[in-house]
Amino acid sequence: MAVSMTEQEWRPDGETMCPYRLVLEHVTSRWGVLVLISLMDRPYRFSELRRAISDVRPVSEKMLTQTLQTLERDGMIHRDAKPVIPPRVDYSLTDLGREAAEQVRGLAEWTARRMGQVREARERYDAEKGRG
């Protein structure tokens, strides 16, 4: 069943923080994007995931923990804590998370393909505005 956002539910002016917008912020945040795309490959332990993400952009333990908790709460990530010594916790995508990750990856790929055009537009803008 397709759900559409009404004008009242989606307020780009920021006056109303609707549930759609909160989830969108979580999924498209700096770390949310990297976590979702990384977990598309396979489940990761915390330290493995942190290393994988830090290859792209360094992330603190605190930020990664907060991002994982937020995405887990939103139903995007499954946290599997094994009762062993030493403790082992694996993170993987849920079906909902995989769907979101595919969408985010598509946007990331589009951005990479269009970056040349974005640079050109920025250069034109800066030249017109007397910047740079």
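Read-outs: derived from the displayed coordinates by stated rules, not from any lab. Because the structure is predicted, anything quoted here is derived from the model rather than measured. A quick note on method: Cβ atoms are made from the backbone with ideal geometry, for glycine too, and the neighbour counts reach across all protein chains shown.
Hey, quick one: spin label on residue 108, modelled 7 Å out along Cα-Cβ, who in region 38-52 has an amide N within reach, i.e. under 15 Å? Label zone hits: 38-44, 49-52.
Sites counted here are trypsin sites (Lys or Arg not before Pro) in a DSSP loop (not H, G, I, E or B) having no more than 11 other Cβ atoms within 10 Å; the longest part of the chain that contains none of them is 1-128. Once the Cα-Cα distance is subtracted from the 0.36 nm per residue extended length, the residue 94 to residue 78 segment shows a gain of 5.2 nm. Between region 110-124 and region 65-101, the alpha-carbon centres lie 34 Å apart.
Computed from the C-beta positions of residue 115 and residue 56, the FRET efficiency with R₀ = 22 Å rounds to 0.90.
What angle do you read, to the nearest 10 degrees and between 0 and 90, between the alpha-carbon axis of helix 30-39 and the longest principal axis of the chain? Once rounded, one gets 50 degrees. For volume of the Cα convex hull per residue in Å³, the value calculated from this model appears in [x] 182; [y] 98; [z] 171 under label [z].
Note: relative contact order over the chain, using C-alpha pairs below 8 Å and six or more positions apart, is 23 percent. Residues 80, 90, ranked from the fewest to the most other C-beta atoms within 10 Å, line up as 80, 90.
Fewest neighbouring Cβ atoms within 10 Å first, the residues 71, 39, 64, 22 line up as 22, 64, 39, 71. When 85, 77, 37, 53 are arranged by Cβ crowding within 10 Å, least crowded first, meaning fewest neighbours, the order is 85, 37, 53, 77.
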